[in-house]
Each structure stands twice: as structure tokens, then as C-alpha cells.
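Every number here is computed from the coordinates shown, using simple stated rules; none is lab data. Not measured: the values here are computed from a predicted model. Cβ coordinates were reconstructed from backbone atoms using ideal geometry, including for glycine residues, and neighbour counts include every protein chain displayed.
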Ligand code: GLU
């Protein structure tokens, strides 16, 4: 039995690219077999997510004819689950506090003796705690200044050993989380990060097949490592290509206002036409 999911972030209106992604996930589900399609609202980024976009995405998906099983999981309601995962990693001695602001980190990165590799999310920084004088770290800690929690990547990889994961389109993959450096698992402003929340949620929700866009393919290396460190089950993955608008040759994005599902609906386009347009026609 397959449990798959669609996990949008309510930072704008859904567009054709989202419709494709949601339909891609739902297409793996055969209800007669007991498969499940879940919907998760990924709203940890409180500065960018808005309740009206959550309401709009529920409306858009229902209009498209998608039916999800059970209740919608909203990440911001489950911060204690991410805290528990951080506590486990902390107990393993794999986390450290990073007090640097972005600007301070950029300055440290420009020092000639510290040249991290480029990772999928930017410079793959390591050991940022050692880049700040001990007394400055203590001062900031005593003053209650905010910090991010980073994973000690080299130690985490050593602990987890060799890992693989499987993608439906690309086959067996060897996990290479080290290309990310010491990833942030809890941000300064939010007490978790995308990588941690998505990994914990997929496990807690019993997701067996993670369907999502290829822009998140690399992130799966980190998720696989977190699964190993937290003793979580390992789902299969199905990363889909990002949909390109044949008219412009560009990927659909939130800036394409005219191609939001809401705008299409209001201009009289039917759900069947939207489905056909993204390749899920009859
Ligand atoms: N919330 C993410 C997004 O909207 C997707 C996360 C995932 O599917 O793993 O891009």
C-alpha cells in the first residue's frame, strides 16, 4: 500500500506547476488498494506564509477534484515534534549553535583561509562555531541572542555510515549529504528548518512515497541522513521534472499571476482543462 502526499507552502496562490505536482502525487494512489493521498501545509516560515493562501490552496485543490485522506497536517501546529527530533540529535552530540548573522557569515566566508565548497543551498559551511571567538559566543549566549542549530555534518555522516535511497525515475542513489555542509536544522527565527520538518512529518504521517519536484532532489540526501540518525523509516522517492510553460519556455512560478489556479478558474477554465494542460488529460 502506498501513502503519498502533496506538501505546498502557503506563500502565494497555487499555479499550474503546483497542479502538476499535486496530480503527480495523487496519480500513485489507487483507493481500492487502500492507498492514501495526504495533504500537508508547510507553513513554518511564518514571515512568508499566510492563512489566506492556505484557505486558497484548499479551495483550489478541491476544485481540481483532488481528495485527500484524513486531516490536513499544518506544520506550525507541530513544533513539538521537531523539537523532539532536535533533542535526539542534540543528545547524540550532533548539533551546535551558530550565532552568526548572514552578514557576519558572509564576512567570515570571504576570509582567505576559509573557502567552503559550493553546496546545493549556497556555500557548504562547516564548523561555524569555531569561526567566532569563544568569549563572543558566551556573551551572545548570556544575552539570550538568537542562534541557528547546525548539524555537525562530518560526524553525522560518520555515525550513519553509507546510505542509499531510491528514486522511481533515477534509480538507486548514494546519499551525499556532505555536499550541504553543516545544514541548519533550526533557524534563528523558526525553531525548525525545511529539512527537519519534512523528514519528521513524512515519517510521522507514514508516507511511503515522497512525490515532489526535482528542485528538491538534492535535499533528499540530507533527508536520508536525518532518517538514519533519527531511526525513521525510509520512503521511496519520485521527483518529477518541473513543469515548463510551453508559451514562455520558463518554469511556472508564483510570479505568473495569470496562471494561478484561481485566475484560471475565474476566467472560466474548467478543472478538466487544467488537468489536460499539465498532462493529466483523459
Ligand atoms: N513545501 C515544499 C514546497 O512547497 C515542498 C516540500 C516537499 O514536497 O518535500 O516547495
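Observations, loosely collected:
- Largest GNM mean-square fluctuation among 174, 126, 248, using the chain with Cα springs under 10 Å: 248.
- Residues in segment 169-184 that a label on residue 88 would reach, taking backbone N under 19 Å of a point 7 Å out along Cα→Cβ: 177, 183-184
- Potential extension, residue 139-residue 179 segment - 0.36 nm per residue separation minus Cα distance: 11.2 nm
- Share antiparallel - DSSP beta bridges, segment 130-282, percent rounded to 5: 55
- Centre-to-centre, using Cα atoms only, segment 61-85 and segment 132-202 are separated by 23 Å.
- Computed from Cα atoms, the angle from the helix 219-229 axis to the main principal axis of the chain rounds to 60 degrees.
- Ranked by the mean number of other Cβ atoms within 10 Å of their residues, highest first, the peptides 213-219, 235-241 fall in the order 235-241, 213-219.
- Computed over all pairs of different Cα atoms, the Kirkwood value for the hydrodynamic radius of the chain is 20.4 Å.
- Share antiparallel - DSSP beta bridges, the chain, percent rounded to 5: 50
- Within segment 218-235, backbone nitrogen closer than 17 Å to the virtual label 7 Å beyond the Cα of residue 121 toward Cβ: 218-230
- Helix 79-91 axis, angle to the chain major axis (alpha carbon atoms, nearest 10°): 40
- For the chain, the 222 nm mean residue ellipticity estimated from helices alone, with every DSSP H stretch of n ≥ 4 adding -39500 (n - 2.57) and the total spread over all residues, rounds to -10000 deg cm²/dmol.
- Nearest 10 degrees, 0 to 90: helix 51-64 Cα axis against the chain principal axis: 40
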